[in-house]
1. Would a scan of region 112-128 turn up a residue that is open to solvent by 10 Å² or more (accessible area, probe 1.4 Å), part of a loop (DSSP other than H, G, I, E, B) and among the aliphatic types (A, V, I, L, M)?
2. Sort through Ala159, Ala189, Ala139 and tell me the only one that's without any contact (Cβ under 8 Å) to a residue 40 or more places away in the chain and either open to solvent by 30 Å² or more (accessible area, probe 1.4 Å) or on the phi < 0 side of the Ramachandran plot (or both).
3. For region 284-322, which positions are open to solvent by 80 Å² or more (accessible area, probe 1.4 Å) and part of a helix (DSSP H, G or I)?
4. Taking the condition among the polar types (S, T, N, Q), farther than 24 Å from Val178 by Cα and open to solvent by less than 50 Å² (accessible area, probe 1.4 Å), does Thr86 pass?
5. Here is a check on your reading of the model: is Val300 of a type in the set (Val, Ile, Thr) and in contact with a helix residue (DSSP H, G or I) (Cβ under 7 Å, 6 or more places away or on another chain)?
6. Looking only at region 49-63, how many residues end up being among the small types (Gly, Ala, Ser) and in a strand (DSSP E or B)?
7. Please go through region 219-253 and pick out each residue that is open to solvent by less than 10 Å² (accessible area, probe 1.4 Å) and assigned to a loop (DSSP other than H, G, I, E, B).
8. Hey, among Gln50, Gln70, which residue is open to solvent by 60 Å² or more (accessible area, probe 1.4 Å) and closer than 20 Å to Glu308 by Cβ?
Amino acid sequence: WSAYVENDSIPTGGALRQGIREVDMALRFTRRYPEVLELARTAADIERIQKQGRIASLIGLEGGHGIDNQLSALRAYYELGVRYMTLTHNTTLSWADAALDLPRHNGLTEFGENVVREMNRIGMFVDLSHVAEEVMIDALRVTEAPVIFSHSSAKQLLAHPRNVSDRVLRLLPRNGGVIMITFVPSFLAKGTMEWTARQQAEAERLRNDLNDQAEIARRMADWLKANPAPVATVADVADHIDHVKRVAGVDNIGIGSDFDGIDFGPVGLEDVSKFPVLFAELLRRDYTEQELQKIAGLNVLRAMKAMEGTAARLQNTRKPIT
């Protein structure tokens, strides 16, 4: 469950309240349907719940602004069941640069590095989706536990700022982390960046030529109808998995569909019932059953167990960072 904290909560000072509300909603929802769902706090919980035929539910905090610059809040989220935190969403914070915003720190600040260290100590995954590349590099330098990219793809195949470069992918084997390939069409579909540039140019032209906002909206809608966005497919997702396998290795790949964050998925992956279609495509590409099991979840479980082991070690040697 993604406890997503709106970026506009930052200037209003409401990020912490919103984060707590979202976590509470996930907790109440899982407890409402115990025959189907159970909150998982550990990798062992995931394995136990799955063997019982139910869905192991984990909670992630999407956006480090949800801690409101307080490590005490980070620790409180952990006690509530949060097991990963995306360091930023789309807005640069006072301690970390976001991929889709202007950089202010060229990576992590000292406080940002302490956030990573405290996440290592308490046993929470550092999630590097949404952050700027220099934050990825800094976090991988500081962390003592595996990281995840909860929903990102390969920048070498599509140069979207949200995707992950080969420079970063090459660091994953040593870290033991996992990049969870996403289904977001704009991170996958060939020609997306060129189409986006044309769309932005048309929007700018209309703003310069017209003063009527309603007319601008109408003409932009006409342009979009005549110039539809590139379409992503199952093959595109598999291409990104192939690329990460070549650069980082099959032990560092997972699936991060992001169905809760998109209006539609790639053709052939329209909803959660279609996951087998992707794995059938990978079988056609000569992936083994063992490799598919790793991609489907075993890699994340292995990384989570290592992350928990790091936390157990650090709790014997470090005090909480205040």
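1. no
2. Working: Ala189 fails: without any contact (Cβ under 8 Å) to a residue 40 or more places away in the chain; Ala139 fails: without any contact (Cβ under 8 Å) to a residue 40 or more places away in the chain.
The unique qualifying residue is Ala159.
3. Taking region 284-322 and keeping what is open to solvent by 80 Å² or more (accessible area, probe 1.4 Å), we get 284, 286, 289-290, 293, 298, 302, 305, 313, 315-319, 322.
Matches in region 284-322: Arg284, Glu289, Gln290, Gln293, Leu298, Arg302, Lys305, Arg313, Gln315.
4. Working: among the polar types (S, T, N, Q): yes; farther than 24 Å from Val178 by Cα: no; open to solvent by less than 50 Å² (accessible area, probe 1.4 Å): yes.
Considered against the rule, which asks whether it is among the polar types (S, T, N, Q), farther than 24 Å from Val178 by Cα and open to solvent by less than 50 Å² (accessible area, probe 1.4 Å), Thr86 comes out as no.
5. Working: of a type in the set (Val, Ile, Thr): yes; in contact with a helix residue (DSSP H, G or I) (Cβ under 7 Å, 6 or more places away or on another chain): no.
No: the conditions fail for Val300.
6. Our first condition is that a residue be among the small types (Gly, Ala, Ser); within region 49-63, this holds for 53, 56-57, 60, 63.
So of that shortlist, the ones also in a strand (DSSP E or B) come out as 56-57, 60.
Residues in region 49-63 being among the small types (Gly, Ala, Ser) and in a strand (DSSP E or B): 3 in total.
7. Ala232
8. Values: Gln70 fails: closer than 20 Å to Glu308 by Cβ.
The conditions single out Gln50.
The values are calculated or read from the model by the stated rules, or taken from the named source; none is laboratory data. All of these numbers come straight from a predicted model, not from anything done at the bench. A quick note on method: Cβ atoms are made from the backbone with ideal geometry, for glycine too, and the neighbour counts reach across all protein chains shown. Remember, those area values only see protein heavy atoms, side chains included, never the ligands or the DNA or RNA. Shrake-Rupley method; radii C 1.70, N 1.55, O 1.52, S 1.80 Å.
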